[in-house]
Amino acid sequence: MIGPVPLDGLRTAHAALHERLRPWSTGGALANFFGLDDADPAVVRTAYPEPVHRRLTELKAVYDPGNLFRLNFNIPPA
């Protein structure tokens with residue numbers, strides 16, 4: 001059985017992957033490629049077109065106005 005991967009090793013591998021993919025970047029982001037340090041709402045916003053992100057914040061204001069579900073890649077309520 002393989003033991004746990006050191007966290008620093010994961011961060012290094014993640015940064016290297018992003019660097020290798022940079023030539024094909026459109027300036028946005030894919031939530032599936034977010035790393036441990038990408039939970040900032042400003043970074044999460046780059047994964048969605050503006051109308052979609054606005055709609056998600058509106059839905060969050062209705063269904064989670066207290067932002068209980070915030071321990072992931074958070075989209076704060078409107």
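The values are calculated or read from the model by the stated rules, or taken from the named source; none is laboratory data. Remember, it's a predicted structure, so these values are computed and weren't measured experimentally. Note: ideal-geometry Cβ built from the backbone for every residue, glycine included; neighbour counts use all protein chains shown.
Please find, among GLY9, GLY28, the residue that is part of a loop (DSSP other than H, G, I, E, B) and either over 17 Å from the mean Cα position of the chain (by Cα) or not hydrophobic (A, V, I, L, M, F, W, C) (or both). Explain how you work it out, then say what you get.
On the way: GLY9 fails: part of a loop (DSSP other than H, G, I, E, B).
Exactly one residue qualifies, and that residue is GLY28.
Can you name every residue in region 31-45 that is part of a helix (DSSP H, G or I) and of a type in the set (Gly, Ala, Ser)? Reasoning before the result, please.
Quick first cut of region 31-45, residues part of a helix (DSSP H, G or I) only: 31-33, 41-45.
Correct list: ALA31, ALA42.
Cβ-Cβ below 9 Å, separation at least six or inter-chain, first residue in region 12-30 and within 25 Å of VAL52 (Cβ to Cβ) and modelled with pLDDT of 80 or more, second exposed (fewer than 10 other Cβ atoms within 10 Å of the Cβ) and of a type outside the set (Val, Ile, Thr): which pairs?
Once the first residue is within 25 Å of VAL52 (Cβ to Cβ) and modelled with pLDDT of 80 or more and sits in region 12-30, its partners that are exposed (fewer than 10 other Cβ atoms within 10 Å of the Cβ) and of a type outside the set (Val, Ile, Thr) give HIS14/LEU36; HIS18/SER25.
If you scan region 34-78, which residues turn out to be among the small types (Gly, Ala, Ser), surrounded by 13 or more Cβ atoms within 10 Å (Cβ to Cβ) and either over 14 Å from the mean Cα position of the chain (by Cα) or over 25 Å from GLU19 (Cα atoms) (or both)?
Those that are among the small types (Gly, Ala, Ser), surrounded by 13 or more Cβ atoms within 10 Å (Cβ to Cβ) and either over 14 Å from the mean Cα position of the chain (by Cα) or over 25 Å from GLU19 (Cα atoms) (or both): ALA61, ALA78.
Under 9 Å by Cβ, and 6 or more places apart or on different chains, what pairs join a residue from region 66-78 that is under 14 Å from ARG45 (Cα atoms) with one that is at pLDDT below 90 and among the basic types (Lys, Arg)?
Cβ pairs passing all conditions: PRO76/ARG70.
Output the qualifying pairs, or none if there are none: Cβ atoms under 8 angstrom, residues six or more apart or on different chains, first residue in region 34-59 and hydroxyl-bearing (Ser, Thr, Tyr), second residue surrounded by 10 or more Cβ atoms within 10 Å (Cβ to Cβ).
THR46/GLY28; THR46/ALA29; TYR48/LEU56; THR57/ILE75; THR57/PRO76; THR57/PRO77; THR57/ALA78
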